[in-house]
Structures are given as C-alpha cells and as structure tokens.
Amino acid sequence: QVQLVESGGGLVQAGGSLRLSCAASGSRFSINAMDWYRQAPGKQRELVASIITGVLTNYADAVKGRFTISRDNAKNTVYLQMNSLKPEDTAVYYCRGRLGGNEYWGQGTQVTVSS
C-alpha cells in the first residue's frame, strides 16, 4: 500500500523560508507524478506545484519564483522549497502521488506565516 508522509511545516515570519518533504513508500514502481496542494481555512484545496518524471515542473502563478519543487529518487522523496513566504501562504500543505490511474494523498502539514 502506497503511503505518503509529509513533514517540514511550521510557523515562520513573513519573508522566511521552509522546506517541506514528502516521503513515499509501499510502491513497487516509482511514482512519476507528484504534486503539492494546499488548503487554507474556508478555501478549496489548490494545486501549488507538480513534478513529473523528476524533470517537468509546473507552478501556480501565486508561487512562481518563490517555491521550487524537486525530488530525490534515491530517497523516494519530493520536496517543496518555499522562500519569501507571505501570510497568504498559510495553509495545510498536502502531497499527492499519481500512479497507474490511482492517486495517493499524505496527511498534510501545517504552514503558518505570520505578518
């Protein structure tokens, strides 16, 4: 059974940085498509960044130039480096893996940015 476990969230001041990690386990095959989503209170979950085959990346306009998604295949881990954080980045961040028509979600990690 595929499991995704996020870590790295926390409280940071505006302008600061955090790096989120999403460790995947339980899959015989490499999860080639990984995404980071976030959900702020009272808002819908939104796509933040994607990485496909470890090379192709895509970002939401709100985070372009500030966030970077990457992966370490040896560790089966995907990262989200978040710089120049803003209070509006406050949300629970989730990673999602897509494999063989199925999708898998982590439990989420809270990111809070104070002004």
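Counting only strands (runs of 3 or more DSSP E) wholly contained in segment 1-50, the ones carrying 1 or more residues that are aromatic (Phe, Trp, Tyr) and at pLDDT 95 or above occupy 33-39. Restricting 37, 104, 79, 94 to residues that are closer than 16 Å to residue 17 by Cβ and not polar (S, T, N, Q) narrows the list to 79.
Here is a yes/no grid of residues against (1) open to solvent by 50 Å² or more (accessible area, probe 1.4 Å); (2) under 16 Å from residue 32 (Cα atoms); (3) in a strand (DSSP E or B):
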site: 63; (1), (2), (3): no, no, no
site: 69; (1), (2), (3): no, yes, yes
site: 79; (1), (2), (3): no, yes, yes
site: 92; (1), (2), (3): no, no, yes
site: 98; (1), (2), (3): yes, yes, yes
site: 103; (1), (2), (3): yes, yes, yes
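The values are calculated or read from the model by the stated rules, or taken from the named source; none is laboratory data. On a predicted model such as this, the values are computed, not experimentally measured, just so you know. Positions of Cβ are generated from backbone atoms using ideal geometry, with glycine treated the same way; all protein chains shown enter the neighbour counts. Side chains included, ligands, DNA and RNA excluded: accessible areas come from the protein's heavy atoms. Shrake-Rupley method; radii C 1.70, N 1.55, O 1.52, S 1.80 Å.
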